[in-house]
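Here is the structure we will look at, set down as structure tokens.
The values are calculated or read from the model by the stated rules, or taken from the named source; none is laboratory data. In this text the structure is predicted, and so the values were computed from the model without any measurement. Cβ placement follows ideal geometry from the backbone for every residue including glycine, while neighbour counts extend to all protein chains displayed. Note: areas computed on protein heavy atoms with side chains; ligands, DNA, RNA excluded. Shrake-Rupley method; radii C 1.70, N 1.55, O 1.52, S 1.80 Å.
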Amino acid sequence: MKKKVIISWSSGKDSTLTLIRLLQNPDYEVVALYTTHVANEVPFQVTPISVVQMQADLAGLPLITIELPTVFPANNEYQSLVVTGLKECGIEFDAVAFGDMFCNGIVEYRKSYIEEAGWECVFPLVGQSSSELAEEIINCGIKTILVTTDGTQLDNQFCSQEYTTQLLSELPIHVDPCGEDGEFHTLVIEAPCFNGSIELSDTRIDEQERFTHLRYQASVLQK
């Protein structure tokens, strides 16, 4: 029997590749996406919850939203909110999947509260190199835009650019190809698992002290 899995959804490329991998995996049935947000925006990507809902609708999956009080709540508060939100979502499931890539302690951290709550913790991307994953993201048809850049690690000129092979070739040598050290964050606007795409309009660059964000209006284009 397939295990029912909910995917942690950031609105970016890593969670989208995680979804694609699990849709192709005969051992799992994806039953929902969940996202955490602060004041109706996903932290770091600053993706409006309304746009995350567009992505979920295009993927044909329900979206569970879990509000956080701040971007960085205390660990015990964060874990409690996530576990409670999942328990109260009204959807039966056996596992929770994450799009983490690095074996840097994050696997043990996720397991510490997900497995304790009685669910399996799934990491479809862990163990592969960033360069391999970046190539797979691009080649499988995930179209994604850099919507946040960290000015301490990457020039803000990269904000608003599409994630392509050309962009990867232009990244400074110290920047991870998938932005796994927080150099940049992405928004997926088209993917093989979407029944349509998201069009961005009225775009503007929002430069802050450290981070630069792409602000926009979004609309759905059905296939």
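The number of residues in segment 178-205 that are out of contact with any Gly (no Cβ under 8 Å at 6 or more places or on another chain), open to solvent by 30 Å² or more (accessible area, probe 1.4 Å) and in contact (Cβ under 8 Å) with a residue 60 or more places away in the chain comes to 1. Picking from residues in segment 98-115 that are in contact with a strand residue (DSSP E or B) (Cβ under 6 Å, 6 or more places away or on another chain) and in a helix (DSSP H, G or I), the one that is surrounded by the fewest Cβ atoms within 10 Å (Cβ to Cβ) is Lys111. For segment 141-153, the condition holds for at least one residue, the condition being that it is under 25 Å from Glu209 (Cβ atoms), out of contact with any strand residue (DSSP E or B) (no Cβ under 8 Å at 6 or more places or on another chain) and of a type in the set (Ser, Thr, Tyr).
Of all residues in segment 116-133, one or more are touching a residue at least 40 places away in the same chain (Cβ under 8 Å) and in a loop (DSSP other than H, G, I, E, B).
The set of residues in segment 151-207 that are of a type in the set (D, E, K, R), in contact with a Lys or Arg (Cβ under 7 Å, 6 or more places away or on another chain) and more than 22 Å from Leu133 (Cβ to Cβ) comprises Arg204, Asp206. Evaluation of Ser160 against the conditions (1) surrounded by 19 or more Cβ atoms within 10 Å (Cβ to Cβ); (2) at negative phi shows that the sole unmet condition is (2). In segment 121-135, which residues are open to solvent by 60 Å² or more (accessible area, probe 1.4 Å) and either modelled with pLDDT of 95 or more or in contact with a strand residue (DSSP E or B) (Cβ under 9 Å, 6 or more places away or on another chain) (or both)? Of everything in segment 121-135, those that are open to solvent by 60 Å² or more (accessible area, probe 1.4 Å) and either modelled with pLDDT of 95 or more or in contact with a strand residue (DSSP E or B) (Cβ under 9 Å, 6 or more places away or on another chain) (or both) turn out to be Ser131, Glu132, Glu135. Would you check if Glu170 is within 15 Å of Ser11 (Cα to Cα) and not β-branched (Val, Ile, Thr)? So Glu170 fails the test.
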